[in-house]
Each structure stands twice: as C-alpha cells, then as structure tokens.
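Trainee: Handing you this structure, nothing more for now.
The values are calculated or read from the model by the stated rules, or taken from the named source; none is laboratory data. Note that the structure is predicted; figures quoted are calculated from it, not measured. Cβ placement follows ideal geometry from the backbone for every residue including glycine, while neighbour counts extend to all protein chains displayed. Remember, those area values only see protein heavy atoms, side chains included, never the ligands or the DNA or RNA. Shrake-Rupley method; radii C 1.70, N 1.55, O 1.52, S 1.80 Å.
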Amino acid sequence: MKTFKEFMQESSLSRIQSKSDKSGIATMSADRGNLSRKENQKRSQQLQKDIRSRFGRGPTKLKGSYDEKDEKTGETRKVKEKSFAIDLSLIHI
C-alpha cells in the first residue's frame, strides 16, 4: 500500500504529464537565492495568488533545485526553490 506522500507525489506527476501532453506547461518561480527563506515564502504565496486570480485556478506545486552562480564572487551553490506548473492552454498571449 502506498503512503499518502507517495500517492500525492504520483498524483502531481500524473497531473503534470497530462497537462504537458495536452497543451504543454510553463514553470514559474518567485524564489531567489539571494533572498531569505521568509521573503521567498512571501513571494511564492503572492505568485500563487496571482496565478489563481489570472487563470481562475491554482497551479501544480513543484519543488526543484538548481546551481546558482554568484556574479560577484564566482561561487556556485545549490539553491532549492518552490515552483509552479501552469497549463499553457490557460495562457492567452
């Protein structure tokens, strides 16, 4: 039997696969490596609200990471971020 967490991860992956197959997806993130965790949380909450108000429904939540290079020092560090997947069929350009 799957745990709730395993079920939810598969559910999100299935949703993203379905969106991608139909019309494609866009991913967006408000997180920035130079900001505090609190500030990034605030920005992510606002982005999620903006997406919901603009497209009439919420995005699929994602967690990701990437290597970010500091332009001043040249140092690279691993940055974790919250991202959102948006169904491209909702976007009218």
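Trainee: Listed residues G24, G64; which is modelled with pLDDT under 90 and touching a strand residue (DSSP E or B) at 6+ places or on another chain (Cβ under 7 Å)? Walk me through it before giving the result.
Mentor: On the way: G24 fails: touching a strand residue (DSSP E or B) at 6+ places or on another chain (Cβ under 7 Å).
Only one candidate passes the filter, namely G64.
Trainee: Scan the range 36-79 for residues that are surrounded by fewer than 12 Cβ atoms within 10 Å (Cβ to Cβ), under 26 Å from G24 (Cβ atoms) and of a type in the set (G, A, S) and jot them down.
Mentor: Within the range 36-79, S53, G56, S65 qualify.
Trainee: Kindly establish whether G33 is within 29 Å of R77 (Cα to Cα), open to solvent by less than 50 Å² (accessible area, probe 1.4 Å) and assigned to a loop (DSSP other than H, G, I, E, B). Break it down into steps so the answer makes sense when it comes.
Mentor: On the way: within 29 Å of R77 (Cα to Cα): yes; open to solvent by less than 50 Å² (accessible area, probe 1.4 Å): yes; assigned to a loop (DSSP other than H, G, I, E, B): yes.
Answer is yes for this residue.
Trainee: Taking the range 23-57, which residues are in contact (Cβ under 8 Å) with a residue 24 or more places away in the chain, out of contact with any Ser or Thr (no Cβ under 6 Å at 6 or more places or on another chain) and of a type in the set (G, A, S)?
Mentor: G24, A26, G33, S44, G56, listed by residue number.
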